[in-house]
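Asker: Here it is, the structure, as structure tokens.
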Amino acid sequence: MKKSSLLLPAAFVVGLLFFQAIQKPTIETHDELSMDGPKLPADVKAVVESKCYGCHNAESRNEKGKKKLDWDEFEASKKSKQLATMSKINEVLTESAMPPEKFLENKPEGKLSDEEKAILLEWSTGKKKKGE
């Protein structure tokens, strides 16, 4: 009788292990594991559209600007490329290299306000998440 009382729980444990082993693995969908990179928050998108997009898009006549950054491709690119681009954006903003002085001579309205620059800097460091 003792053997049969031990066999039942042992069979139960073996059965559980068997069913766990044959389950299909689940794919994590957490943002940090996602293949999609960061999306542009609304305030960042507004600054980009008003101050950056003119030179940094697929249809731009500014070949140098388009080559360095194409906003049309940004959200579709891999997360690693987006993060590298964000780092570069942060660098040029910190150095006040964007927009370039030559551009601002002809279009002073293209200058980033302190608030716009702060929005882009916060986002480019990864502190600002989508929807904030």
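Asker: Rg over Rh of the stretch 42-121, using C-alpha atoms and the Kirkwood radius, what does it come to?
Answerer: 0.93
Asker: Using 0.36 nm times the number of residues separating residue 115 and residue 84, minus their current alpha carbon distance, what extension gain do you get?
Answerer: 8.8 nm
Asker: Calculate one ³J(HN,Hα) per residue across the stretch 46-53 by plugging θ = phi - 60° into the Karplus curve 6.51 cos²θ - 1.76 cosθ + 1.60, and present them in order as whole Hz with x for glycine and proline.
Answerer: 5, 5, 4, 5, 8, 10, 10, 4
Throughout, read-outs are computed from the coordinates displayed, never taken from laboratory work. Please read all numbers here as calculations on a predicted model, not as lab measurements.
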